[in-house]
Amino acid sequence: MHAETRIRKEGTAWQAELARTYARLDDLLPALGLTAADCGVSAEAAASFPLRVPRGFVARMRHGDPHDPLLRQVLPVTAEHAVVPGFGTDPVGDLDSVRAPGLLQKYAGRALLVTTGACAVHCRYCFRRAFPYPGHSTTPGVLGTALAAIAADDSLQEIILSGGDPLALGNDRLAGIVHALGRIPHVARIRLHTRLPVVLPERIDAELLELLRSAGKPVVTVIHANHASEISAEVISALVRLRPVSAALLNQSVLLRGVNDSVDALTTLSTQLFSAGVLPYYLHQLDRVAGAAHFLVPDDEAIALHAAMAAKLPGYLVPKLVREIAGAEAKTPLGNFGAT
Ligand SMILES: *Cc1c(COP(=O)(O)O)cnc(C)c1O
Ligand code: SF4
């Protein structure tokens, strides 16, 4: 088969998989042998932030277990209705950091492009679950404005492609962004923040790898996995392919009650990531977004878990435990600095 035809076919494979994501509780629950009554689901929560989960991710869940750590991350539940003081719609000050449509800057030397509002999975604890994407993402119409702002500011050495999920974009749109950044001389690094390699490993196809290889700048890839059960054989194979085209391959996690709030879950995640060629980067304390309060692990417990991890693992397998504080100069470490 002609190489180009083969690549196109692979491209449509991941898009077909994306189109098959579960979007209805009535489809998801029976597939897992569960009923609505088993798991406290909420149609109202699903209406405000829709259920979305790829089939391959569901296949890694334990059948019949309403407490499965992967299921808890994606299941709309009644606990989301709780109104908890301190939990709001813009927990990390995103809207105060907008420099141009779709371009957020909080820290020196690096800025973040909201490339799309789309994700392959909807994580219930997502700090951007209420983000007003229509006015604040780089749709093709406003991308030029964001790129012009980057080109005009030579302090911006690193651009982070975020979203949503930048790999939810098709390769044509993604290539347009990556190559435009590649042509800006002062941009020294391009970073991808993506959960697609974990939730839809089919996305890491030959065409994407070629695109990243041709970026013209080192690409730092930061994936997002929270539990070792997310790292299936298909995910490992996708990560092994991503590694040679990435200047660094890192993971960030969120500390989540009922998902990974044990020393065993966290250490197993780190060692499993390592076997896939990925180093842990950040373990985020939960961002206080409305609807996610039931995932909160108190700071003293988070610090104790992190210390227990450090007592069991080599230093390079211990992620930094951080919290994002609106207006701070960087993510803020917990523990040593007493930032509780
Ligand atoms: C988290 C974040 C970054 C990245 O911070 P690092 O510490 O470099 O990983 C950059 N920009 C924004 C707006 C962020 O929220
Ligand atoms: S993949 Fe990331 S941006 Fe998308 S819903 Fe999950 S946490 Fe939010």
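Contour minus end-to-end for Glu329 and Ala130, with contour as 0.36 nm per residue of separation and end-to-end as the Cα-Cα distance?
69.3 nm
Which of the three applies to segment 1-143, rounded, prolate or oblate, going by the alpha-carbon gyration tensor with a ≥ b ≥ c and a/c under 1.5 meaning rounded?
oblate
Once phi is turned into θ = phi - 60°, what whole-Hz ³J(HN,Hα) does the Karplus curve with 6.51, -1.76 and 1.60 give for every residue of segment 175-191, x standing for Gly and Pro?
Per-residue couplings from phi come out as 4, x, 6, 4, 6, 5, 5, x, 8, 8, x, 7, 6, 8, 9, 10, 10 Hz.
Dipole of the chain, Cα-centred, from +1 at each Lys and Arg C-beta and -1 at each Asp and Glu C-beta, to the nearest 20 debye?
660
List the residues, sorted by chain then number, that are 5 or more residues from Lys320 or on another chain and whose placed amide H is less than 5 Å from its amide H.
Residues meeting the amide H criterion: Tyr282, Leu283.
Give me the distance between the Cα centres of segment 223-267 and segment 281-340, rounded to whole Å.
17
State to the nearest 20 debye the size of the charge dipole of segment 143-195 about its Cα centre, where the only charges are +1 on K and R beta carbons and -1 on D and E beta carbons.
For this selection, approximately 140 debye.
So what J values fall out for segment 318-335 if you push phi through Karplus, 6.51 cos²θ - 1.76 cosθ + 1.60 with θ = phi - 60°, rounded to Hz, Gly and Pro as x?
Ordered by residue, 3J(HN,Hα) equals 9, x, 7, 7, 9, 10, 9, 10, 4, x, 6, 7, 6, 4, 9, x, 9, x Hz.
Could you point to the residue in Ser253, Leu29, Pro101 farthest towards the positive end of the chain's charge dipole, with +1 and -1 charges on the Cβ of Lys/Arg and Asp/Glu respectively?
The residue sitting most towards the positive pole is Pro101.
Between Asp172 and Ala311, take the C-beta separation as r, use R0 = 45 Å, and let me know the FRET efficiency to the nearest 0.05.
0.40
What's the magnitude of the charge dipole for segment 232-340 around its Cα centre, counting Lys and Arg as +1 and Asp and Glu as -1 at the beta-carbon? Answer in Debye, nearest 20.
300
Which residue, chosen from Phe295, Gly315, Ala326, occupies the Cα position most advanced towards the positive end of the dipole of segment 286-329, where the dipole is computed from +1 (Lys, Arg) and -1 (Asp, Glu) charges on Cβ about the Cα centre?
Gly315
Between rounded, prolate and oblate, where does the chain land on the alpha carbon gyration tensor, with a ≥ b ≥ c its root eigenvalues, rounded for a/c under 1.5, else prolate if a/b exceeds b/c?
Since a/c stays below 1.5, the shape of the chain is classed as rounded.
Which whole-angstrom value gives the distance between the alpha carbon centres of segment 176-202 and segment 35-57?
30
Over the chain, what is the percentage of antiparallel beta bridges among all DSSP beta bridges, to the nearest 5?
The answer is about 25 percent antiparallel.
Collect residues whose amide H, placed 1.01 Å from N in the peptide plane, falls under 5 Å from the amide H of Phe49; neighbours closer than 5 in sequence don't count.
When sequence neighbours closer than 5 places are left aside, there are no close amide H contacts.
Please name which of Leu269, Thr145, Val92 has its Cα lying farthest along the dipole of the chain towards the positive end, using unit charges on Cβ (Lys, Arg +1; Asp, Glu -1) and the Cα centre as origin.
Thr145
Can you run phi through the Karplus equation (6.51, -1.76, 1.60; θ = phi - 60°) for segment 260-271 and list ³J(HN,Hα) in whole Hz, with x for Gly and Pro?
Those phi angles translate into 9, 8, 9, 4, 5, 4, 6, 6, 5, 4, 4, 6 Hz.
Could you tell me whether segment 3-81 comes out rounded, prolate or oblate from its Cα gyration tensor? Rule is a ≥ b ≥ c as square roots of the eigenvalues, rounded for a/c under 1.5, then prolate if a/b exceeds b/c, otherwise oblate.
Prolate is the answer for segment 3-81, as a/c is 1.5 or above and a/b outweighs b/c.
Taking amide hydrogens as modeled 1.01 Å from N in the peptide plane, which residues meet the under 5 Å criterion relative to Ala225, leaving out close sequence neighbours?
Gln252
Using a 10 angstrom Cβ neighbour count of at most 12 plus a DSSP loop assignment to flag exposed trypsin sites (Lys or Arg not before Pro), which longest range of the chain is free of such sites?
25-182
Since every read-out is calculated from the coordinates, none of them should be taken as a lab result. Values in this document were obtained by computation on a predicted structure and should not be read as measured data. Because the Cβ atoms are built from the backbone with ideal geometry, glycine has one as well, and the counts that use them run over all protein chains shown.
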